[in-house]
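Okay, structure first, notes after.
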Amino acid sequence: MIWLTAVAVLGVGVVVSRASYGPLDDPNQAYQRPGFLDASPLPAHPPQVTPTVPSPGTRAVVFFVRPAEAQGLVDALRADTGLGRLARVAVVDSGGQLPASAVPVVLDRSGGLARAYGMRSPIDGGYPVGYAVVDSNGRVRYATIDPGVAQRLTEVATIVRATP
Amino acid sequence: MSVEHRASQLHRARVWPWLVAVTIEAGLFTLYQLEGARYHWFVHFFVGASVALAVMTAWSWRTRRPVAHPLAWVVAAHIYAMFPDLLFDGVGIAHHRWMNVFLGHLWVHFIPGQDLTWYGVFVVALSAYLLWLDHLRSVQTYPPTLKVEQWGQGPPVVFLHGLGASSRYWGTLARTSGGYRGIAPDLLGFGRSPKPPWASYDATCHIESLDPLVPQGAVVVGHSTGAILAAALAESFPGRVRALVLIGLPGFADADEARQAVSRLGLLARLTVKASPLGWAACHLAHVLGPLVVPLAPLVVPELPSEVASDYLRHTWLSYSRTLKEVVIAQRAVDEMVLAARCPVVFVHGSADRAAPLAGVRAIVAKLQEIGAPVRLVVSEGGDHQLALRRPDVVAAALSDLLASPGASVEKASEASSGRAPR
């Protein structure tokens, strides 16, 4: 009986967990923050976001956000100095008024940049919130949806360190 | 043993492991939840648990007995499966493809259906395990066969050791005495005998397992807990047991007195009596470290022969704690058992026995003699609880007298004293 109870509790847990996926989450959870490079086919040579991102010989992190998340991410990046030392950083906003920032912020209303960096579409089909990591050869090695990325820059740094 | 009784024992056995396992898993789940990654917790839990269940099923199929700590297997396999996540969050090491050695840590996410599929695999693995256990219990003979040492020729004498000991406890006495066929089992749950986790380890359970080993007309010699079981055995099979020798019998007036006396024996005994989780943890730690701890036992208990000291670690928490509680503390009145047995009884006791004070046995003997029961008390002056080890001559003499003529032996003196035991 106790094992059956455990099975029932875990079953309910899985269902509740699935029901609580947010509109910004990846429809396929396996691709959301998988934690390792080259999890899926990614673009070899993505376009420039800014003149220096990406740059040959340097790693780069390109964040993709919607206007509602942009200011929070920019503030988090300002507070976190570690990531800036590991890679060049840029933020791509899907629209609205660009926040004042020390890191370059560019506009991508059409979603072309996000697609070019291999970002997947979230459950609501809108602009993805997450980031892509480019290695020093200019190849995208990691692209993931992460609606809470502003609170998880340490995790981004871990991925960047693993990127050549 | 009734089904209800077995079920209640089973229930007690399950509570602590479940509490510990659920606490650990809740902690791990919280870690993932804080990282917004509960999906990963579910996947790795189902994968780890499924592998653990498959291994447990295969292991119990091979050994024909259930795995001792199933929840520990499940939790350990889960931690192994999720280990790269601990490296990621704890040390900042990203995942690499070789980390698939941790039960396919990376690729398990990419199968169709993902966590739902793994949930299905988990349910199948658990069903297979439970069905196999059910089958195993239905075909397994009960009671399990005990490990038995036998020596000598002559009338049968069955030796029942005390709590935590084994048949090897009787080695010194066997070398000192003779003229009989010695039959010394390791009690259920002790020494090299089976230690089934579903056994109740009460007197009824022990007697069921001893039943096939007691020939008609046997003299039964019991030490301490074994003495209680010897009396219970004679009561259960009146006529089959010819006489009893009860060495160091723990004769307590009631369960409270028994609990107090046992508590005085040391920290571990006190923890066991109080059913403390610390006692449980210490016992399990000793089992985990078994190969290291067993050789050290003679250093910890230098006053005992090394093989006897080593055997004090060859039991499980269940067998030890339940036997202590169900046989020693919750013992039935020994005088009633002896009366029902209707056989001569010699009590052999040390005057300096701390574990089972002499006064308790004196009271039992006096009560029995008052109503004319054929009993006799032999007191070894200065002797402690381990008379069969330290004064085997005293025990051998009592046994020899009984074998020669059981009735005459108990009638020749109501209380005899032997000399001071050498220390």
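The values are calculated or read from the model by the stated rules, or taken from the named source; none is laboratory data. Bear in mind that the values here come from a model prediction, so they are computed numbers and not experimental data. Because the Cβ atoms are built from the backbone with ideal geometry, glycine has one as well, and the counts that use them run over all protein chains shown. Please note that ligands, DNA and RNA were not included when accessible areas were found on the heavy atoms of the full protein model with its side chains. Shrake-Rupley method; radii C 1.70, N 1.55, O 1.52, S 1.80 Å.
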CD proxy, 222 nm, chain B: helix-only mean residue ellipticity via -39,500 (n - 2.57) per DSSP H run with n ≥ 4, per residue, nearest 500, stands at -16000 deg cm²/dmol
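Please report Rg over Rh for the protein assembly as shown, where both radii come from the alpha carbon positions and Rh follows the Kirkwood definition.
We get a ratio of 1.21 for the protein assembly as shown.
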Residue by residue through region B:113-126, the couplings from Karplus 6.51 cos²θ - 1.76 cosθ + 1.60 with θ = phi - 60°, in Hz, x for Gly and Pro, are x, 6, 4, 5, 4, 5, 4, x, 4, 4, 5, 5, 4, 5
Which residues qualify? For residue B:181, with a placed amide H closer than 5 Å and at least 5 residues away or on another chain, they are B:154, B:157
Rounded to the nearest 10 Å², the 1.4 Å probe accessible area of residue B:16 is 110
For residue B:245, the residues 5 or more places away or on another chain with a placed amide H closer than 5 Å to its own amide H are B:220, B:221, B:222, B:346
Taking every other residue with Cβ under 13 Å from the Cβ of residue A:138 and scoring Lys and Arg +1, Asp and Glu -1, one gets +3
Longest principal axis of chain B (C-alpha) makes with the long axis of helix B:3-34 (C-alpha) an angle, in degrees to the nearest 10, of 30
Of every hundred units of 1.4 Å-probe accessible area on the protein assembly as shown, the number belonging to carbon and sulfur atoms, as a percent, is 61
To the nearest 10 degrees, the tilt of helix B:358-370 (Cα long axis) against the first principal axis of the alpha carbons of chain B is 50
Under 5 Å from the placed amide H of residue A:92, counting only residues 5+ away or on other chains, we find A:63, A:64, A:65, A:106
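Just check region A:64-164 against the gyration tensor rule for me: Cα atoms, a ≥ b ≥ c as the square roots of the eigenvalues, rounded for a/c under 1.5, and otherwise prolate or oblate depending on whether a/b exceeds b/c.
oblate
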Taking the chain alone as reference and the full protein assembly as comparison, with a 1.4 Å probe on protein heavy atoms only, the residues of region A:20-53 that lose at least 40 Å² of accessible area are A:29, A:30, A:33, A:35, A:36
Per-residue accessible area, 1.4 Å probe, largest first, puts B:312, A:131 in the order B:312, A:131
With a 1.4 Å probe and ligands and nucleic acids left out, the total accessible area lost when A pairs with B, in Å² to the nearest 100, equals 2800
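Can you give me the span-like helices of chain A, meaning DSSP H runs with 20 Å or more of Cα extent along the axis and Kyte-Doolittle mean at or above 1.6?
Those that pass (Cα extent of 20 Å or more, hydropathy at least 1.6) are A:2-19.
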Comparing each residue of region A:136-164 in the complete protein assembly with the chain by itself (heavy atoms, probe 1.4 Å, ligands and nucleic acids ignored), those losing at least 20 Å² of accessible area are A:152, A:155, A:158, A:162
Ordering B:52-61, A:47-56 by per-residue average of other C-beta atoms within 10 angstrom, highest first, gives B:52-61, A:47-56
To the nearest 20 debye, the protein assembly as shown has a Cα-centred charge dipole, built from +1 on Lys and Arg Cβ and -1 on Asp and Glu Cβ, of 760
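Just to be sure I follow the rule: in the protein assembly as shown, considering lysines 8 or more places apart or on different chains, how many pairs have Cα atoms under 29 Å apart?
Going through the protein assembly as shown pair by pair, I get 7.
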A student applying the Cα gyration tensor rule (rounded when a/c is under 1.5; otherwise prolate if a/b is larger than b/c, oblate if not) would label chain B prolate
Mean accessible area per residue over chain A (1.4 angstrom probe, all protein chains present, square angstrom) is 43
The answer for region B:98-240, accessible area per residue at 1.4 Å probe in Å², is 36
Expected field for residue B:381, accessible surface area in Å² at 1.4 Å probe radius, rounded to 10, holds 70
With all protein chains in place and a 1.4 Å probe, residue A:80 shows an accessible area in Å² (nearest 10) of 50
